[in-house]
């Protein structure tokens, strides 16, 4: 049985308690969230479990003795809010295809499946394969950027790289939306259904075989920290898709959520409530630009 609004996520879970912020904002967006990862039997693992429980997230998290929970150190420029992140995968680095097979029923019951690259690529690929098998919409956030076999791209209904990741995957330097469109064409040629390139303060570009639309960023105040923006966008985008929004509306939801998150410190703690996102959307006169 397929459940409306359900999102299943396979992730390494290292940034902000894994793409923990992805779950937080997805849950705030109204989605039912199942989160698959591995954690250590340590204090960080206990914090992760408590956070998931508080947010109403169903965690399929194996606890691994003798290995630490994945963690990240985030360096933030106090002037611009830009960041650099050092990730130690820890237990998440042992996640494998068998872990994904164990949650096949959760994936099959979801509207949307999300994965990224803070865990081994084999686990991400298996999740995309299982989701495709069951007709579940797939969203792949290729972060952090890694070399990828071309076989993974046809499994992606949506791929959501930032400028750096898109350039790494395609060899196309990106300085503006036109560059992002050229990079997206490369990914479409590899078999991706729709490419969404996030462009920071430049918004996000949706590019497919039938449309190319630039959704502007939402400027919600002084930028404090950008570390959670990408996770926030992808999770909000996935949650909106799961509740039935079209891709452009889902992008606006993701951009609004990310626009709020960068005005706050932290990753998971910076994620806004659904009411906050709705308020930004209702007050905006934002107009998307077809290219």
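The criterion of at least 3 residues that are surrounded by fewer than 21 Cβ atoms within 10 Å (Cβ to Cβ) is met, among helices (runs of 4 or more DSSP H) falling completely within region 180-291, by 247-261, 274-283.
Just give me the residues in region 170-179 being buried (at least 17 other Cβ atoms within 10 Å of the Cβ) and part of a helix (DSSP H, G or I), in sequence order. Answer for region 170-179, where residues must be buried (at least 17 other Cβ atoms within 10 Å of the Cβ) and part of a helix (DSSP H, G or I): 170, 177, 179. Of all residues in region 109-125, which are in contact with a strand residue (DSSP E or B) (Cβ under 9 Å, 6 or more places away or on another chain) and without any contact (Cβ under 8 Å) to a residue 60 or more places away in the chain? Correct list: 125 only.
Taking the criterion of being over 20 Å from residue 105 (Cα atoms), surrounded by 24 or more Cβ atoms within 10 Å (Cβ to Cβ) and modelled with pLDDT of 90 or more, the only residue of region 23-44 that qualifies is 39.
For region 44-58, a tally of residues being touching a residue at least 24 places away in the same chain (Cβ under 8 Å) and at negative phi returns 9.
The set of residues from region 154-167 being farther than 17 Å from residue 181 by Cβ and crowded, with 18+ Cβ neighbours inside 10 Å comprises 155, 156, 157.
The values are calculated or read from the model by the stated rules, or taken from the named source; none is laboratory data. The structure presented is a predicted model; accordingly, all values stated were derived computationally and were not measured. All Cβ positions, even for glycine, are placed from backbone atoms using ideal geometry, and neighbour counts span all protein chains on display.
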